[in-house]
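Participant: First, the structure itself, so that you have it in front of you.
The values are calculated or read from the model by the stated rules, or taken from the named source; none is laboratory data. Since the model is a prediction, treat every value here as computed from it, not as a measurement. Note: ideal-geometry Cβ built from the backbone for every residue, glycine included; neighbour counts use all protein chains shown. Heavy atoms of the whole protein, side chains included, go into the accessibility calculation; ligands, DNA and RNA do not. Shrake-Rupley method; radii C 1.70, N 1.55, O 1.52, S 1.80 Å.
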Amino acid sequence: MSTQPNQNGLLIAALFQSRGVLATLVVSQVIAILLAFAPASEGDVWLRLAIFSFFLHLIFLTSVAALYIFRKYLARYSNNFQLLILTISLLLSTCFYSVAVLSLFADIYYIESAGYFIASNVLIIFLVAALFSQFVVIQNQKELQTKALAHAELDALQARIRPHFLFNSLNTAAELTHYDAEAAEQAILALAALSQAAMKSGKAISLQDELILCEQYIALERWRYGERLTVNWQMPSCVPDVEIPCLTIQPIIENAVYYGLEPASESTKITIEMHITDKSYTFIIINPVVENAEQRRAGNGMALENIRQRLALFYHYRAKLTTTHRDSEFRAKLVIPRQEIT
């Protein structure tokens, strides 16, 4: 168990999640059942069960609530210190509610020795706190291993990014140098920005920055195709201040250009839409499909399946990328949940 400051945030964060709270209630209820049905216990077993359940739920929920309030401060300290605070919080809550039980239930539940009652409760909760600490440490180690594996997979996926337009864009920039030096400079700068984004393995960027990358990519392709490429942006007036995985939308637009524009002999319009709901952000990219030109072509940069795998790692399978092909139109729909990525 590390004695250094926790570099990965709050060690006991698992207790604040829905599953953590449910596990806390289940553990406290199991303890209440064991105490109520203990062979040496006296009195009405159901009355004891009700009192023990109420008593233990109060202890655990109060401690978890107190730790949740001060979670930002706890995250600054070492793992051992966080576990110590967890134990102290449970013991203090036990002492407080033990005294409360002695006062409130004295008439209906006879307690021979107040000191023995408090000491036995403290001992039981101390043993439970030790088990809780072990559970928290194991859970934290499991999360760290999962994140390490996810980042390794992201590195492997990101290493496969080889935008097919790289060489075409370099050729375009070389041609522009002969008759439009300023346009050539802008093309090289746009290409540099896209190349830099491709190297941001396993990182997130703001949605605004991702859209700027998309515009830079479209500018590169427009220098190549001229008026043949038309893009219809249907975006909200105010772009949300959220983060998404780097190079999530741009490769979908690249796919639309690669399959919708390159095989076509005439101008092509690509539509890019964004819709916002209470639970998600939805992006729709639409491109026409040329009849009899659907042959599979290798080297289209980042495949859609690659994007799906990265989204699964970032959003734990809560984000979706679906595609449909209907009436000579290809539609890619990206749905991202409105929550922080991990």
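Participant: Taking all protein chains in place and a 1.4 Å probe, what share, in percent, of the accessible surface of segment 21-61 do carbon and sulfur account for?
Facilitator: Working: 1780 of 2230 Å².
Percent of accessible area from carbon and sulfur atoms in segment 21-61: 80.
Participant: While we're here: Considering only protein heavy atoms and a 1.4 Å probe, what is the carbon-and-sulfur percentage of the accessible area of segment 237-292? List each step's numbers first, then the result.
Facilitator: Details: 1060 of 2360 Å².
Percent of accessible area from carbon and sulfur atoms in segment 237-292: 45.
Participant: Hey, another quick one. What is the calculated FRET efficiency for Ile88 to Ser280, with r their C-beta to C-beta distance and R₀ = 25 Å, to the nearest 0.05?
Facilitator: Values: r = 41 Å, r/R0 = 1.65.
The pair Ile88/Ser280 has a calculated efficiency of 0.05.
Participant: Quick check on segment 214-255: take the gyration tensor over C-alpha atoms, sort the square-rooted eigenvalues as a ≥ b ≥ c, and tell me if it's rounded (a/c under 1.5), prolate or oblate. Let's see the in-between values first.
Facilitator: Values: a/c = 2.79, a/b = 1.62, b/c = 1.72.
Because a/c hits 1.5 or more and a/b fails to exceed b/c, segment 214-255 counts as oblate.
Participant: Show me the ranking of peptides 87-97, 268-278 by mean Cβ neighbours inside 10 Å, starting with the highest.
Facilitator: Packing order, densest peptide first, comes out as 87-97, 268-278.
Participant: Using a 1.4 angstrom probe, figure out how much accessible area segment 187-271 has per residue, in square angstrom, rounded to the nearest whole.
Facilitator: About 44 Å² of surface per residue is accessible.
Participant: Within 10 Å, count the other beta carbons around each residue, average over each peptide in 308-321, 64-77, 229-242, and list them highest first. Intermediate results must be reported in sequence, preceding the final value.
Facilitator: Numbers: 308-321: 18.1, 64-77: 14.5, 229-242: 12.1.
Highest mean packing first, the order is 308-321, 64-77, 229-242.
Participant: Need the C-alpha centroid separation for segment 117-142 versus segment 195-261, integer Å.
Facilitator: Each part reduced to its Cα centre gives a spacing of 51 Å.
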